1. Among the listed residues LEU329, LEU347, which satisfies the condition of being in contact with a helix residue (DSSP H, G or I) (Cβ under 6 Å, 6 or more places away or on another chain) and hydrophobic (A, V, I, L, M, F, W, C)?
2. Would you confirm whether or not segment 76-90 contains a residue that is surrounded by 15 or more Cβ atoms within 10 Å (Cβ to Cβ) and in contact with an Asp or Glu (Cβ under 6 Å, 6 or more places away or on another chain)?
3. Condition first: within 20 Å of the chain's Cα centre (by Cα) and surrounded by fewer than 24 Cβ atoms within 10 Å (Cβ to Cβ). Now tell me which residues in segment 234-254 satisfy that.
4. I'd like to know if segment 240-262 contains one or more residues that are out of contact with any Cys (no Cβ under 6 Å at 6 or more places or on another chain), part of a loop (DSSP other than H, G, I, E, B), among the β-branched types (Val, Ile, Thr) and farther than 30 Å from GLY188 by Cβ.
5. Of the residues that make up segment 18-27, is at least one touching a Ser or Thr at 6+ places or on another chain (Cβ under 6 Å) and at pLDDT below 75?
6. Taking GLN333 as meeting all but one of (1) assigned to a helix (DSSP H, G or I); (2) of a type in the set (S, T, N, Q); (3) touching a residue at least 40 places away in the same chain (Cβ under 8 Å), write down the number of the exception.
7. Kindly establish whether VAL176 is within 30 Å of GLY294 (Cα to Cα), among the β-branched types (Val, Ile, Thr) and part of a strand (DSSP E or B).
Amino acid sequence: MRELLNRRFLVPRTSAIAEAAETARRYDDLINLSIGDPDVPTPRRIIDRAFADALEGHTKYTDPRGYRELREAICAFYREEYGDRVTDEEVFVCAAGVVGMYLVFQVLLDPGDEVIIPDPYFTCYPDQVRAAGGKPVFLPTYEEEGFSICLERLEGLLTPRTKAILINTPNNPTGVCLSRQNLTELAGFCREHDLLVVADDIYTNFCYGEPFFPIRALEGMGERTVTVNSFSKNYIMTGFRIGNIVAPAPVIRAIQQLNEYVVYSAPSVSQRGALWALESRGEIEPSLWELFRGRMEYAARRINEVPWMSVPMPQGSIYLFPSIRRTGLTSAQAAERILEEAHVLVLPGDTFGACGEGYLRIACTVENEVMGRAFDRIAKMEIPFQK
């Protein structure tokens with residue numbers, strides 16, 4: 001009998017994020033700071049309006065690109081928030097941001113095309129590039145430089161096959177927000193070298209300093225930027241599995257064609273929830289911003305009280321990326337000791353790329369009282385370190 005599986009899947013692989021769910025069952029008193037799924041419920045007004053729409057009959061296939069009302073709301077959002085005149089032909093509603101990113105790479109990349117990914121990075125990116133026949137190329141970024149994008153190092157990675165650079169700000173896992181200056185310089189670099197930008201704009205509500213501004217809204221970037229958005233984090237709608245893509249019309253047409261073979265249209269009830277999230281964002285976003293800013297600042301203070309850990313004050317996202325380099329332990333060793341001795345689950349930084357070695361990712365997805373108990377346990381651990 002011929003081998004059942006594609007050769008890529010003959011050796012089973014799981015990510016640290018997927019393994020975390022299984023690991024969480026090891027201890028009855030475990031505190032899970034590993035996964036980016038907040039304990040906060042989806043705002044009730046979103047649920048109520050989506051439920052009412054379902055009762056009214058919004059339970060069928062929608063337009064393949066999403067409900068027209070939702071597409072219009074997305075266009076209005078970009079116009080009102082950023083002065084960016086996105087047209088209807090540039091919008092596609094997808095079943096979750098991660099599906100959107102998969103679709104994007106599938107339609108952008110020819111075999112052997114290279115995508116530059118700043119490291120540390122969200123774990124899915126490299127395999128999504130590979131699944132499309134592309135080659136991920138990693139751009140090192142460093143805490144000492146604020147994890148910013150160094151154009152000199154970026155230029156050194158360019159080859160005739162370089163097609164795009166992927167950016168994620170606010171960043172998962174580092175929590176860093178790329179400055180407007182860094183984005184402007186990067187935009188100029190991409191125009192000069194005729195590069196596309198794939199922008200993973202997932203945590204845009206969670207910038208705690210300078211407000212978020214999308215790179216696509218900078219001069220000359222709308223035509224060379226493909227943006228993936230999600231409602232999962234900004235509106236606490238992780239289980240709704242709903243996102244959208246904003247890109248030049250030819251890209252959207254190709255995505256629609258491919259998506260017909262995948263899921264045809266995003267879930268109708270989830271789309272209704274997304275519509276009401278956008279229409280209610282003025283009431284929803286500020287309270288969520290305040291809540292997570294408070295959690296991030298609290299967690300950062302507690303981390304910096306542990307003598308063998310350190311982290312800058314948070315800039316954005318819902319994650320902190322503390323350094324444990326002064327211990328001499330690897331990220332995996334430190335995460336395992338924290339699990340075994342403190343019964344606290346965090347992710348090792350090298351899960352997110354080579355530049356994540358020496359760090360841990362901590363998700364501020366539980367209330368301060370629970371995080372406080374986690375840091376109380378961690379503070380009692382006896383780990384030698386260099387001052």
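The values are calculated or read from the model by the stated rules, or taken from the named source; none is laboratory data. Small disclaimer: the values here were computed from a predicted structure and weren't measured. Heads up, the Cβs are rebuilt from the backbone with ideal geometry, glycines too, and the neighbour counts pull from every protein chain shown.
1. Working: LEU329 fails: in contact with a helix residue (DSSP H, G or I) (Cβ under 6 Å, 6 or more places away or on another chain).
Unique residue meeting the criteria: LEU347.
2. Within segment 76-90 (the criterion being surrounded by 15 or more Cβ atoms within 10 Å (Cβ to Cβ) and in contact with an Asp or Glu (Cβ under 6 Å, 6 or more places away or on another chain)), the answer is yes, since at least one residue qualifies.
3. Start the filter on segment 234-254 by keeping residues that are within 20 Å of the chain's Cα centre (by Cα), which leaves 234-247.
Residues satisfying the conditions are ASN234, ILE236, MET237, THR238, GLY239, ARG241.
4. Yes, there is a match, as at least one residue in segment 240-262 is out of contact with any Cys (no Cβ under 6 Å at 6 or more places or on another chain), part of a loop (DSSP other than H, G, I, E, B), among the β-branched types (Val, Ile, Thr) and farther than 30 Å from GLY188 by Cβ.
5. Start the filter on segment 18-27 by keeping residues that are touching a Ser or Thr at 6+ places or on another chain (Cβ under 6 Å), which leaves 20.
Checking which are at pLDDT below 75 leaves us with 20.
Checked segment 18-27: at least one residue is touching a Ser or Thr at 6+ places or on another chain (Cβ under 6 Å) and at pLDDT below 75.
6. (3) is the only condition that GLN333 fails.
7. Details: within 30 Å of GLY294 (Cα to Cα): yes; among the β-branched types (Val, Ile, Thr): yes; part of a strand (DSSP E or B): no.
In short, no.
The rows are residues; the columns are (1) in contact with a Lys or Arg (Cβ under 6 Å, 6 or more places away or on another chain); (2) surrounded by 15 or more Cβ atoms within 10 Å (Cβ to Cβ); (3) within 26 Å of TYR319 (Cα to Cα).
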position: ALA132; (1), (2), (3): no, yes, no
position: SER148; (1), (2), (3): no, yes, yes
position: LEU154; (1), (2), (3): no, yes, yes
position: THR159; (1), (2), (3): no, no, no
position: ILE165; (1), (2), (3): no, yes, yes
position: THR169; (1), (2), (3): no, yes, yes
position: CYS190; (1), (2), (3): no, yes, no
